[in-house]
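Here is the structure we will look at.
The values are calculated or read from the model by the stated rules, or taken from the named source; none is laboratory data. A quick note: this is a predicted structure, and the numbers were derived from the prediction, not measured. Backbone-built Cβ (ideal geometry, glycine too); neighbour counts: all protein chains shown. The accessibility values were calculated without ligands, DNA or RNA, using every heavy atom of the protein model including side chains. Shrake-Rupley method; radii C 1.70, N 1.55, O 1.52, S 1.80 Å.
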Amino acid sequence: MRQSALSVDADRMKRLPSLRSTSLLLVFLIVACVQSSPDRPSTDSTPPQNPGLLPPVDLSSDSIGVEKEAIVYACTTIDTQFRTGRFLDFEMTPDGMVFMATVRGVDRFEKNGEGIWNRTGAFDTPGHSWSVCRVGNRLWVADDYAGVTVLDAASGAVLATWSELHAARFCVRVGKDRVLVCRHSAGAALIQTPRSSPDYSRSPVVQSFPDIAGKPVHAVIDGATAYISAMTGGYQAWDLTDAKQPRLLWSSDSANRAVWSCHRNGLHLIADQKKGLVILRDRNGGTPETTAIVPFPKETRSVDFVTDTMAVVAATQAFHLIDLTDPEHPSELSELKAFSEGRVIRKEFGGIIASDNDMGWHELVIENDRLAVASSFELESLLTDVVCSGDLVFAARTKAGVQACRIDASGRLTPLGSLGGFVYAVGIDVSDNTMAVVDYDGLRIVDVSDPSRLEAHGYWKSPGRASGVRLHGKTAWVADWFHGVHQIDFSDRDSLRLVSTVKLEGWATDLLVTDRYVYVCAVNGGLYTIDHSDPENPVITARDERITAPEGVTIGNGVLYVADFNSGLIAMDLSDPGKPVRRSFVPLTTCKGVSVQGSMLLLGDYIYGVRMYDIRTPFETVLVGRLDTPGKAYEAVFTPLSGIGVVADWHDLLSFAWAPSQGQEPHRINPEDQK
């Protein structure tokens, strides 16, 4: 990887152009200078914010675009460890349980006798789950890829799946026997709820009504009326009295990017992704009138009433408590900073629950007109980097430190020893019995000769924010987000010594070290080549500024491969290793880590999982397999086991296998190259 300067999710990727403004870059540069001051050491354990990407460069003017595909491998997940999640929508039940949609499935939470929330169930769904609705002892899950999935609330067993309802984003109960499904970019559907479990497999879709304007993503039911929020389509009211002929009552374009809503006592509160909180008031017949708009920084995600005159809004940066005593002049009473990203807010059965994306979820209370956290379920770790050494797998787990696992011949992972005490471990490398770990504050050397008992040795504090590390002999090279790259001598593992520092433009994220050169990825700075033949005086020999967002780098078959978040997988000629030259590229976005074994390459993709390429022919990369992962594939690496790899997937550590697809021969891959 290793650690990204680009912690953005799939939704934000659609808005990258708006993040690239000159003003945002200037603001970030000022902040970066303050944070990098030696007088202000980094102690922040939150992920770094997006510095604002430079626009992607058209590489086709001086290199060849390659989009070859010959899928001959089927990739499947073998094992999962350290499951976390990405908390989105949820439902709280009268008996005090919380069911949380986590992208990869549904997690069940209950309080123990001491009032502490515990995860008591974890149920996977086939695709990406966005929303969950409980109907009796059944969980209806809106799954973006797999359609609608129904689970048994106790066991998690899959009872039914409607794959034809793809792009499902939200489920809500309608009366006693129907469920309304909002389908992003595909309208909506009403499903009759079966009376018994065997009937689920035969339950028909009652009626689809794809004429909904825009992209419906949320609905509130009041009697026979559905109030639907639709991105680009506004806020709409539909009459569901006749399930086979739903009828549009009215539509308001006051919230053209509506993503969530609630209503009470004639007031409609709509979370508009761009505008903020939009307040409508009912009038006698027709479309409600707009009374006020309350803007918030960045995106607005959801809203709910907590009393007749108060509401809480979940926005990207914070949860906001709003006074609605005068709906025409609403005012903010307080805000509570989100640890990751505010997603969904709901008041149910006396409790206010707020999901906080990658960091967990909270139970909130209001004290003296101020929001406060009463209790939380916090994710203990996120997986950002992974390396293999023999049958051992080592993973960086942010707040939980580092973890060693053993991988057996079948690809199963067994956790061994771990080591904590890190601010936010983001990058690792292993050589022989030595592991180098970087957290935001610096570098730690760890003895891994006994993987069940990892032993910490010397520590070196970085002047900025350490983000990646590579070992070369008795030297550790550290990528520093604000200060370029540092060379650290650990000949004495208990007394680390700074040998040299090379200042770079941009934000250094990853690097690769050879006997003479260091190749450094710097977001908004380019790919740097540094000659370290004189260890005390390393020299920059080349810089490719057209690679605007490099995140990972490796060498395979004499070719330098760079994973660029903006432009894709770039192949560079190393005829002169001091001056790499771009020859071809695979046009992609959201590329992360990259690794090579023989004639095969694994590419981690922030959104689309793991991609496998045949690199036998230089500069003619061919896609031969892919694995859709439930999280964000930061780093994928090969193991010594034939046909098995592991991936740090942000939410999980996964092992996976690849084998020839049915009816296919792996004609492009030499199996000997996998060993």
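Things to note:
- Positive-end extreme of charge dipole, the chain - chosen from A314, I488, G214 (charges on Cβ): G214
- Hits among aspartates and glutamates - C-alpha to C-alpha of K474 under 13 Å, sequence gap 8 or more where chains match: D429, D432, D489, D492, D494, D515
- Calculated over the range 389-504, the projected area of the Cα convex hull averaged across directions stands at 6.8 nm².
- Calculated over the range 300-386: convex hull of Cα atoms, volume per residue (Å³): 91 Å³
- Residue-wise HN-Hα couplings along the range 127-143, as the Karplus relation 6.51 cos²θ - 1.76 cosθ + 1.60 with θ = phi - 60° gives them from phi, are x, 10, 7, 10, 8, 9, 9, 9, 10, x, 9, 10, 10, 9, 10, 7, 10 Hz; Gly and Pro carry x.
- Candidate lysines for bridging to K399, where Cα separation is under 23 Å - those fewer than 8 sequence places away on the same chain excluded: K337, K461, K592, K632
- Computed over the range 488-590, the Cα gyration tensor eigenvalues convert (square root of 5λ each) into semi-axes of 25, 15, 12 Å, ordered from largest to smallest.
- Of all accessible heavy-atom area on the chain, the percent that carbon and sulfur account for (1.4 Å): 48 percent
- Residue (of L165, I279, L240) at the positive-pole extreme of the range 159-316, dipole from beta-carbon charges: L165
- Residue order by solvent-accessible surface for H362, H166 is H166, H362, largest first, with ligands and nucleic acids left out and a 1.4 Å probe.
- In range of the label at E69: residues from the range 623-649 whose backbone nitrogen is under 14 Å from the point 7 Å along Cα→Cβ: 623-628
- Applying D = kT/(6 pi eta Rh) to the range 345-388, where Rh is the Kirkwood radius over alpha-carbon pairs, T corresponds to 10 °C and eta to 1.306 mPa s, the Stokes-Einstein value obtained is 131 µm²/s.
- Over the chain, dividing the summed -39,500 (n - 2.57) contributions of all DSSP H runs of at least 4 residues by the number of residues returns a 222 nm mean residue ellipticity of -1000 deg cm²/dmol.
- With the charge dipole of the chain set up from +1 on Lys and Arg Cβ and -1 on Asp and Glu Cβ about the Cα centre, the Cα lying farthest toward the positive end among the listed residues P630, Q81, I293 is that of I293.
- Span from the the range 219-244 Cα centroid across to the the range 465-504 one, whole angstrom: 58 Å
- Measure of compaction for the chain (Cα Rg per 2.2 N^0.38 Å): 0.99
- Here each label is just a point 7 Å from Cα along the line to Cβ, and for T617 and A372 those points are 6.8 nm apart.
- Ratio of the Cα radius of gyration of the range 267-313 to 2.2 N^0.38 Å, where N counts its residues: 1.17
- Residues in the range 93-102 carry Karplus couplings, in order, of 9, x, 8, x, 8, 10, 9, 10, 6, 10 Hz; the curve used is 6.51 cos²θ - 1.76 cosθ + 1.60 with θ = phi - 60°, and Gly or Pro positions show x.
- For the chain, accessible area per residue (1.4 Å probe, heavy atoms of protein chains only), Å²: 37 Å²
- The share of C-alpha pairs in the range 590-658 whose separation exceeds 14 Å stands at 52 percent.
- Between the range 370-406 and the range 287-326, the Cα center-to-center distance that results, in Å: 34 Å
- Computed over the range 205-336, the P(r) curve from all C-alpha pair distances, binned at 5 Å from the origin, holds 2, 11, 22, 24, 19, 12, 6, 3, 1, 0 percent per bin.
- Cross-link reach is defined here as a Cα-Cα straight distance under 19 Å, omitting same-chain residues fewer than 8 places apart; for K298 the aspartates and glutamates meeting it are D9, D11, D272, E332, E335, E341, D356, D358.
- The HN-Hα couplings worked out from phi for the range 370-377 by the Karplus form 6.51 cos²θ - 1.76 cosθ + 1.60 (θ = phi - 60°) are 10, 7, 9, 8, 8, 7, 9, 10 Hz, whole numbers, x standing for Gly and Pro.
- Dipole check for the chain: with +1 at the C-beta of Lys and Arg, -1 at the C-beta of Asp and Glu, and the Cα centre as origin, the magnitude is about 960 Debye.
- Surface accessible to a 1.4 Å probe, F339 within the full protein complex, Å²: 110 Å²
- Its relative contact order, with pairs defined as Cα atoms under 8 Å and 6+ residues apart, puts the chain at 12 percent.
- Ordered by 1.4 Å accessible area with all protein chains kept, K579, K347, K337 run largest first as K337, K579, K347.
- For R616, R134, R169, R543, the ranking by accessible surface with the largest value first comes to R616, R543, R134, R169, using a 1.4 Å probe.
- G643 long-range amide H proximity, modeled H, under 5 Å: none
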